[in-house]
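So the structure is just underneath, and the comments pick up after that.
Only the coordinates and a few stated rules stand behind these numbers; no lab work does. Just so it is clear, the model here is predicted, and its values are computed rather than measured. Here Cβ is always computed from backbone atoms with ideal geometry, including for glycine, and neighbour counts include all displayed protein chains.
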Amino acid sequence: MELAEQIDDSNFCTINDEAPTRVMGTCNSSPDITIASGGLINSITWRSMLTLTSDHLSIINSIENPPDFVSVDNRTFINFNKANWVGFTEFTESTFNALPIPMDVCVGERQFRKVIAAATARFIPTGKIAKFRPNFPAKAAVLANERDTLRHADPGDPRIRDPNLEIRRMVNHQ
């Protein structure tokens, strides 16, 4: 009862329908609760499904993007080709050598991750690509930017043809 009151006082709603989530002999019950943000409630379908040998049923939730949903591509790219591997190696080796030998494997693993994360941040370039083009080679993207600059200055510029041919060749090769 207290849980139901907390859900009612929040911005969340229960998704469960009347279907049971536990089937045991002749007794059916619904001890499992699925909640979601009120803004998504009309975009979610909920169903229970008998798939396991357990008395608890699997719960399948599907989310359809609402019509006003804005998808944001928030990926960070790591450029291993431009990494400073010599610096990375020197940094990690010297840092590992300076650390005391850990007496606990969990402490050692945590120290290891910290050193690798610090070296990665210093020696391996990362960032977001404003306009990501899947299956479009990086060199072709540079050429496309140069071509677009030429095209913007003069759409009839005869120099546009050569970058176009090279871009097409690179993309086809990719």
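Once you have the Cα-Cα distance between Ile7 and Cys27, take 0.36 nm times their residue separation minus that, and quote the gain in nm to one decimal.
Values: separation 20, 0.36 × 20 = 7.20 nm, distance 2.63 nm.
Full extension from Ile7 to Cys27 adds 4.6 nm.
Quick check: residue separation of Asn97 and Ile35 times 0.36 nm, minus the Cα distance between them. What number comes out in nm?
Numbers: separation 62, 0.36 × 62 = 22.32 nm, distance 4.96 nm.
The span from Asn97 to Ile35 would gain 17.4 nm if fully extended.
How are the alpha carbon pair distances in the range 78-127 distributed across 5 Å bins from zero to the largest one, expressed in percent?
Pairs per bin, as whole percents: 4, 22, 27, 20, 13, 9, 4, 0.
Hey, what do the phi angles of the range 94-107 turn into as Karplus ³J(HN,Hα) couplings, whole Hz, using 6.51/-1.76/1.60 and θ = phi - 60°, x for Gly and Pro?
Once rounded to whole Hz, the list reads 5, 5, 4, 5, 7, 7, x, 5, x, 8, 10, 5, 5, 5.
Add +1 for every Lys or Arg and -1 for every Asp or Glu among the other residues with Cβ under 11 Å from the Cβ of Arg159, and state the total.
On the way: positive: Arg147, Arg151, Arg161; negative: Glu146, Asp154, Asp157, Asp162.
Charge balance near Arg159 sits at -1.
Could you point to the label whose value was computed as Kirkwood radius over Cα pairs in Å for the structure here, given (i) 23.3; (ii) 17.9; (iii) 16.2?
Working out Kirkwood radius over Cα pairs in Å from the coordinates points to (i).
Using r as the Cβ-Cβ distance of Phe112 and Ala138, and R0 as 25 Å, what FRET efficiency do you calculate, to the nearest 0.05? Walk me through the numbers before you get to the answer.
Numbers: r = 32 Å, r/R0 = 1.27.
The formula returns an efficiency of 0.20 here.
Aspartates and glutamates within cross-link reach of Lys139: Cα-Cα under 15 Å, excluding same-chain residues under 8 positions apart?
Asp148, Asp162, Glu166
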